[in-house]
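Structure first, then comments.
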Amino acid sequence: MADTGAQQRNGVSPDGPTRLRAETERLLEEARREVRNSDRRVGFWTVVDIGLGFPAAVLAGVSGAAGLASADARIPAALLALVSAGLAAGAGFLRSDVRCAANRRSRRAWGEVEAGARLLLTQEPELDHGGAQEALRVLFQARQAALASRDASAELPGP
């Protein structure tokens, strides 16, 4: 009993390591989930970028070649040029390349949180109360940075 009272006076509770482990595991699970979500968003915006950009480039080339080939091909060439311009405008409006890069940054930030949580879980048995508090504080700062990067990727300014 005296030992428990001394631990509580020093700011260390008997269940401190259990709470530290539970909080670190919660942060680890959140980081894993956010890394998966960022991976999905990176994949989606990559597909959108390629799906709009590549056809726009091909149609622009085909319409130019068709327009130069003969006078009778001017109308189909003009239609292809309009479709190409529409795809290019859509790609510019959506800014899928910028969104993809922002989600990659978010994925890296959440990966740092995940790595920090894993490291803290392995070091937890050897940490004293002050060291555990500092490690958890650093982990929460990394989480705040990751949240900011996620919010920044979700709130991209318009073109």
Residues of region 36-80 that turn out to be in contact (Cβ under 8 Å) with a residue 60 or more places away in the chain and among the hydrophobic types (A, V, I, L, M, F, W, C), as a count: 1
Region 88-97, residues that are open to solvent by 50 Å² or more (accessible area, probe 1.4 Å), touching a residue at least 12 places away in the same chain (Cβ under 8 Å) and of a type in the set (A, V, I, L, M, F, W, C): ALA88, PHE93, LEU94
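Let's see how each residue does on (1) open to solvent by less than 30 Å² (accessible area, probe 1.4 Å); (2) at pLDDT 95 or above; (3) part of a helix (DSSP H, G or I):
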{"position": "ALA6", "(1), (2), (3)": "no, no, yes"}
{"position": "LEU20", "(1), (2), (3)": "yes, no, yes"}
{"position": "ARG32", "(1), (2), (3)": "no, yes, yes"}
{"position": "LEU59", "(1), (2), (3)": "no, no, yes"}
{"position": "ALA66", "(1), (2), (3)": "yes, no, yes"}
{"position": "GLY86", "(1), (2), (3)": "no, no, yes"}
{"position": "ASN103", "(1), (2), (3)": "yes, no, yes"}
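The values are calculated or read from the model by the stated rules, or taken from the named source; none is laboratory data. Everything numeric here is computed off the predicted structure, so don't read it as measured data. Don't worry about glycine lacking a Cβ; one is built from the backbone with ideal geometry, like all the others, and counts go over all protein chains shown. To get the accessible areas, we keep the full protein, side chains included, count just its heavy atoms, and leave off ligands, DNA and RNA. Shrake-Rupley method; radii C 1.70, N 1.55, O 1.52, S 1.80 Å.
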